[in-house]
Amino acid sequence: MKICIYGAGAIGGYMAVMLKRGGADVSLVARGAHLDAIRQNGLKLLMDGEEIVERMPATSNPAELGVQDYVIVTLKAHQAWQVVEDMVPLLGEQTAVVTAQNGLPWWYFHGLGQSSANLRLHSVDPDNRQWNTIGPERVIGATVYPATEIVEPGVVKHIYGNQFGLGEPDRSSSARVDRLAAAMDAGGLKTRFYEDIRDDIWIKLWGNLCFNPISALTGATLDVVATDPGTRSLARSMMLEAQTIGKKFGANFRVDVERRIDGAAGVGAHRTSMLQDVDKGRAIELDALLTSVQEMGRLSKVETPFIDSVLALAQQMGRVKGLYPTFPEVAVIKPAMAS
């Protein structure tokens, strides 16, 4: 089984080493000093007090790798959009593309039902670039729960977790999902099949859409955002707006809002990924986590005053710091005017 990890950063590097240990034929698309170190020394994973080193083909040019059985995209949503044409040499007739990313995916409306057949999420796929180049029929949806980080070029540290969700956008059972799950399980990655992977995407997004921008705006860690009365109330209001939108499109929320917030508080003094990006001067992932939800609110005619306000503040902060917009061609989605 040939698997390409497209974006062998923290999560991608972790997945690559574990899949390789499980017997898969793994290759990497990476860049910069990280790629140089992998080529020279192999990819090192620090986990449970061990140093695990695996050597595998690594390149910045996907054309060198040839057609794959699976391409697992672990880039951020805006990065994947920017390089989608570069993925084409990896794609054969039977290649599956696994979107292992945060936020609402570009293929969201594929297989959802006739009433949604002509809808697209332009906030995460301007000009339908991924829809037209990859094709939604190739996609396997995924959710990612481990926490990892790159501690130096070529070295990934596993912090906690090994769980991944998998599912077909059209809610079917498929041999290709079964084969991928078996390869991941063989390497020690714990998979769970979802009849509708969108349900799990919403559960994960539910927290990210509020905790990430609030922490990035305030500098507060997750435990503070989730327990301070003011920010907890704001997060709850944003989540309730998102829940209304998700349910309009058939999503099932298996936990309630208070439990989801309490779970975040229990993680402790964690610096969210968006706060870390701001600290490190990296582009912030607003469109996949928040603009996409706002767009779905407009499509479903659900008002989102709390989401609109936090998004506007985060966008302005990002522009002032030179960290947004992440999609150069995304048009700003204006709040609906009150009647």
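Bear in mind these aren't lab numbers, they're just calculated from the coordinates by the rules spelled out. All values reported here derive from a predicted model rather than from experimental measurement. Every residue, glycine among them, receives a Cβ derived from its backbone with ideal geometry; neighbour counts consider all protein chains shown.
See the values below:
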| item | result |
| --- | --- |
| Cα gyration tensor of the stretch 148-196 - equivalent ellipsoid semi-axes, whole Å, descending | 27, 11, 10 |
| Where labels lie 7 Å past Cα in the beta-carbon direction, separation of ALA147 and ASP25 in nm | 3.7 |
| More than 30 Å apart - percent of Cα-Cα pairs taken over the chain | 33 |
| Additional length obtainable on full extension of the chain from GLU93 to GLU195, 0.36 nm per residue less Cα span | 34.3 nm |
| Whole-Å distance, taken between Cα centres, linking the stretch 85-160 and the stretch 18-48 | 21 |
| ALA186 versus ARG171: modelled label distance in nm, points set 7 Å from Cα along the beta carbon direction | 3.2 |
| Dipole of the chain, positive end: most advanced residue of GLY22, TYR70, TRP81 [Cβ charges, Cα centre] | TRP81 |
| Karplus-derived HN-Hα couplings along the stretch 245-261 (A = 6.51, B = -1.76, C = 1.60, θ = phi - 60°), whole Hz, x at Gly and Pro | 5, x, 5, 4, 9, x, 6, 10, 9, 7, 10, 8, 4, 4, 5, 5, 5 |
| Fraction of the pair-distance distribution of the stretch 65-211 above 20 Å, Cα-Cα pairs, percent | 50 |
| Rounded FRET efficiency, nearest 0.05, which uses the C-beta distance separating GLN114 from ILE159 and R0 of 41 Å | 0.45 |
| Evaluated over the stretch 44-150, the Cα radius of gyration and Dmax, each in Å | 15.7, 51 |
| Full-stretch length increase - VAL53, ASP36 - with 0.36 nm per residue and alpha-carbon distance subtracted | 4.6 nm |
| Using a Förster distance of 51 Å, the FRET efficiency for VAL67-ASP228 (Cβ separation, nearest 0.05) | 0.50 |
| Ellipsoid semi-axes in whole angstrom, largest first, where each is sqrt(5λ) of the Cα gyration tensor of the stretch 198-321 | 21, 18, 12 |
| J(HN,Hα) series, the stretch 34-47, from Karplus relation 6.51 cos²θ - 1.76 cosθ + 1.60, nearest Hz, glycine and proline x | 4, 4, 4, 5, 4, 4, 7, 10, x, 9, 9, 10, 9, 8 |
| Flagged links, alpha-carbon separation over 30 Å, of LYS2/LYS248; LYS247/LYS280; LYS204/LYS280; LYS157/LYS204; LYS248/LYS280; LYS76/LYS157 | LYS2/LYS248; LYS247/LYS280; LYS248/LYS280 |
| Gain in span if fully extended, ASN128 to LYS280, counting 0.36 nm per residue against the direct Cα distance | 51.7 nm |
| All-pairs alpha carbon distance profile, the stretch 204-247, 10 Å steps from 0, percent | 31, 55, 13, 0 |
| HN-Hα J in Hz across the stretch 166-178 - Karplus 6.51, -1.76, 1.60, θ = phi - 60°, x for Gly and Pro | 9, x, 7, x, 8, 6, 8, 8, 9, 5, 5, 5, 4 |
| Mean separation of Cα contacts under 8 Å (6+ apart) over length of the stretch 143-282, as relative contact order % | 22 |
| Theoretical ellipticity at 222 nm over the chain - DSSP helices of four or more residues, -39500 (n - 2.57) apiece, nearest 500 | -12500 deg cm²/dmol |
| Computed label-point distance, nm, for sites ARG179 and ARG254 using a 7 Å Cα→Cβ extension | 2.7 |
